[in-house]
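Coordinate-derived values only; no laboratory data. All values reported here derive from a predicted model rather than from experimental measurement. Because the Cβ atoms are built from the backbone with ideal geometry, glycine has one as well, and the counts that use them run over all protein chains shown.
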């Protein structure tokens, strides 16, 4: 028998069905309440609003659980790869060996960009933020694939598989090109014999006179970083992709909007703020203990701790914390002062009653910046790396919206708090 709840508004009652998810999450279905009562719900910043029903990612913030299509993130991080997880997120199942080989080959074949796109970079000042460049280039990429970006829903769905491999491959190429432009180096073309993350590092750091060689396992660490960021339910940027998609926009336009949403310091820019915080602590001569007391008294802001969803230890942070130790040791930074400060802050979060009571545990941003810094990625490019990793989730969420024949354009309501009706005053009569 279907569960229902009753809403009492004034002297009238309204029945709402209860939707139950596969993990026993429950939601009140209030879609008909406005038509029946004239009232809307109010939930500032949508913190308690289910905006969609999705089959992609499950999060239990209280228990610190993250699963892609039912698979625990811990298992995927240990046994899988970024491209295998990409396939899983986009198509719903882990690929067979032949499916994964074919998927990798298509991504490899799409790595290069049309030579005409190289001239687009000439139009950006060298001081341009790389996220602005990435968003613009991803959107303009659709101009080179008009058959995949028609804004005709069925046509875009028919070409979805090809568009997926184009975007998955070219997002890292465009990111690397924006870096080369910024540092004044010639573009470095992809190599067919390198795997996904290896190819990205090659395009970032190789020179005509010297090939970049990964002798420290950076490509593996970067692959893990991408995997852990591949999707994270209805966050700011993913919700943006879905909202743009709901208007019928093509895949290229939708992920370009996702990049813009990710750009904000409260979303994709948080790991950059963590590095800045750790560096400031180090420059002050502190090992982190004084800063902890300042944070507890409200005199300093602790970055990389706490999460909008997780009220437990972010499972991605546990994995990246161990990876950071390995990477920094491999590149010769085992005694990196920033890592030591990070360890002290983490220990405080696990033992200090102030942090434990407030459930302020390290999140994924806390350690990811250390890995990117060790890989030689400049801080202003940290959010670009996040965008590369989050691309699978954006692609899968776009498809859920586009393939739903009953989907409606997203159109939130508001509670108007402005002036009531008033008469126009001629300009010569205004005081």
Under the rule rounded for a/c under 1.5, else prolate if a/b exceeds b/c, else oblate, using alpha carbon gyration tensor axes a ≥ b ≥ c, segment 4-65 is classed as prolate
Quick calc, residue 212 & residue 409: beta-carbon distance into FRET formula, R0 30 Å, rounding 0.05, result 0.05
Proxy exposure order for 383, 22, 420, 49 (fewest C-beta within 10 Å first) is 420, 22, 49, 383
Which of 113, 171, 364 fluctuates most in a GNM of the chain (C-alpha springs under 10 Å)? That residue is 113
Between the modelled labels at residue 63 and residue 91 (7 Å from Cα along Cα→Cβ) the distance in nm is 3.0
The Cα extents of segment 70-112 along the principal axes, largest first and rounded to whole Å, are 33, 17, 16
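Rounded to whole Å and ordered largest first, report the semi-axes of the equivalent ellipsoid of segment 166-256 derived from its Cα gyration tensor (root of 5λ). Intermediate results must be reported in sequence, preceding the final value.
Values: eigenvalues 171, 54, 22 Å².
They are 29, 16, 11 Å, listed from largest to smallest.
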Once residue 36 and residue 191 are pulled to full extension, the length gained, defined as 0.36 nm per residue separation minus their Cα-Cα distance, is 49.7 nm
Simple SL model, points at 7 angstrom along Cα→Cβ for residue 20 and residue 284; separation in nm is 5.1
Whole-Å distance linking the alpha carbon centroid of segment 395-431 with that of segment 1-28 is 27
Under the 7 Å Cα-to-Cβ spin-label approximation, residue 119 and residue 353 lie apart by a distance in nanometres of 6.9
Cα-based Rg then Dmax for the chain, in Å, read 23.7, 80
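Among 75, 60, which comes first, second and so on when ranked by fewest other beta-carbon atoms within 10 Å? Can you show the working numbers first?
Values: 75 11, 60 15.
So the residues, fewest neighbours to most, are 75, 60.
For a footprinting-style exposure proxy, rank 182, 322, 421 by other Cβ within 10 Å, fewest first. Could the numbers behind the result be given before it?
Numbers: 182 19, 322 13, 421 4.
By the 10 Å Cβ count, ascending, the order reads 421, 322, 182.
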Rounded to whole angstrom, the alpha-carbon centroid of segment 293-368 lies from that of segment 227-267 at a distance of 26
